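The values are calculated or read from the model by the stated rules, or taken from the named source; none is laboratory data. Note that the coordinates shown come from a computational prediction; the quantities given were computed from them, not determined experimentally. Cβ atoms come from the backbone with ideal geometry, glycine included; neighbour counts cover every protein chain shown. We work out accessible area using only protein heavy atoms, side chains counted, and drop any ligands, DNA or RNA first. Shrake-Rupley method; radii C 1.70, N 1.55, O 1.52, S 1.80 Å.
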Amino acid sequence: MSKAKDVKKVKVTVDHHLEEGVLRKVTVDADIEGKNEKGKIDFAALRSGGFIKQRQKDKFTVRLKCPGGRMSIDKLKVAAQAAEKYGDKFVHFSVRQSLEIPTVDYRNFDGIMQMLETVEQGIASCGPRVRVPTACGGCEYNPNGITDTQRMAQESTDRFFGARTNHKFKISWSGCPHDCIKTAGADLGFQGGVYPVWDEPKCTGCTICASACQEDAIHAHPETGKPIFDAEQCIYCDDCVRACPTLAWQEGKKGHIVRIGGKAGRHPLLATIVAQFVSDEEAHTIIDTTIKWYQNAGKGKGRTRLGVILREEGMMDSYMKTLEEAIGPEKLVSNPPVPQKIVIHPQRNPL
Amino acid sequence: MSQEADLKISEFLDICEEVCPMSFILTKKKLDSLEDGQVLEVLCQAGESLRSISIQMKDEGHLIKSVKREDENHFRIQILKGGGEG
Ligand code: SF4
Ligand code: SF4
Ligand code: SF4
């Protein structure tokens, strides 16, 4: 065998503070496929990232793509084998639900990727792009769930994952107002909600709904026991509907509450609600519209999160106008406030 | 406030001191020991406990026949086994 034949071209993508479009070629010596001969690897600019440089020389964390934190058993088994072969003695679950295989030598990228490909297990993203959407269990099996968060996480991954944006762009799906996945801290968050409607003739005045509502939105009439509803207190949790034994409470408007502009990090922002009870398809339209608006509004602004841009003069209005063009006015919140700062020195840094 | 006060009670359970998930498991076990159409009476706390039991019993296909306020903080619920839609 000639030397040239042994040198297998391995294409890896590394995104550790490497901006896309900056084609930096780094040539390194690499052992290829367990042979002792040296080969070459080109670190080109990446498409979607997912290999994160560790502090240890030559070692990377390989972040797997797990939409909604779900992984089939066959994928999990192969991931475990891959970790055993190429990683250290453990795996790590990222805060955004991705299974990570730490301490993989970059010379093994090709090997680990080939192994994961046998079960079509993809690599997640990092850097300035749409990350893998996160989701709670949702209505498929969580008793509180109103929306099918798992399906929506999968669909939004298929449609939007990896799209290039100014900065990271995180989408999250919560099934109900418990908001276990913390949509209030997402760039774009969707949280299930139900507006309850009451059908008086079916009501027996049992008072269960008044007891079930944790928000003081329902009081039992002192004589009849029938509900007195205070819509201003209602957070759309569906408890009254699920508790009512006679189906007097029913689901009226139902869908996703849409939050935008949240983020964690050194300067956290609380997302603001821009629309209510949107359908699954409208949710996808909103994601598409928001990414495009962000790409546009972010031109020339470098690594700036969506929420930061929305706080700039006139930007919230511009966004709402774009959103109205996309889904119409009915479900929009009128004049939503900008995302709110969470600051460490409130006296010195006004909100 | 309640309906049909004169149901025949087959079993009684006090879950006032229990929290999730034991409140549910105990109620479920008691219901498992009954036949469809029999009634279990449960004494529970107002608030979270009543809320959860109402929702869970409905999910499991039973029917809450009546709810009576025992005192400020306690409710007496009568559950008809297998009487729900679920
Ligand atoms: S957000 Fe709601 S549906 Fe989702 S896990 Fe939490 S309680 Fe369950
Ligand atoms: S949906 Fe939730 S908050 Fe609204 S009235 Fe029903 S139980 Fe109360
Ligand atoms: S739980 Fe249903 S039947 Fe009972 S008081 Fe409320 S609306 Fe009426």
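Apart from one condition, residue A:140 fits all of (1) of a type outside the set (A, V, I, L, M, F, W, C); (2) in contact (Cβ under 8 Å) with a residue 60 or more places away in the chain; (3) open to solvent by 10 Å² or more (accessible area, probe 1.4 Å); (4) out of contact with any Pro (no Cβ under 7 Å at 6 or more places or on another chain); the exception is (2). The set of residues from the range A:309-330 being touching a Gly at 6+ places or on another chain (Cβ under 8 Å) and either more than 15 Å from residue A:290 (Cβ to Cβ) or open to solvent by 30 Å² or more (accessible area, probe 1.4 Å) (or both) comprises just one member, A:311. Applying the condition of being open to solvent by 70 Å² or more (accessible area, probe 1.4 Å) and closer than 30 Å to residue A:130 by Cα to the range A:180-228 and asking which residue is nearest to ligand 3 (Cβ to nearest atom) yields A:180.
Suppose we keep only residues that are over 26 Å from the mean Cα position of the chain (by Cα) and of a type outside the set (Asp, Glu) within the range A:80-104. Which one would you say is most open to solvent (accessible area, probe 1.4 Å)? Filtering first and then ranking leaves A:89. Taken over the range A:72-85, the criterion of being among the hydrophobic types (A, V, I, L, M, F, W, C) and touching a residue at least 40 places away in the same chain (Cβ under 8 Å) is satisfied by A:78, A:79. The set of residues in the range B:56-73 being over 19 Å from residue A:224 (Cα atoms) and open to solvent by 10 Å² or more (accessible area, probe 1.4 Å) consists of B:56, B:58, B:59, B:60, B:62, B:63, B:73.
Quick check on the range A:116-123. Is at least one of its residues at pLDDT below 95 and in a loop (DSSP other than H, G, I, E, B)? Yes; the residues of the range A:116-123 include at least one that is at pLDDT below 95 and in a loop (DSSP other than H, G, I, E, B).
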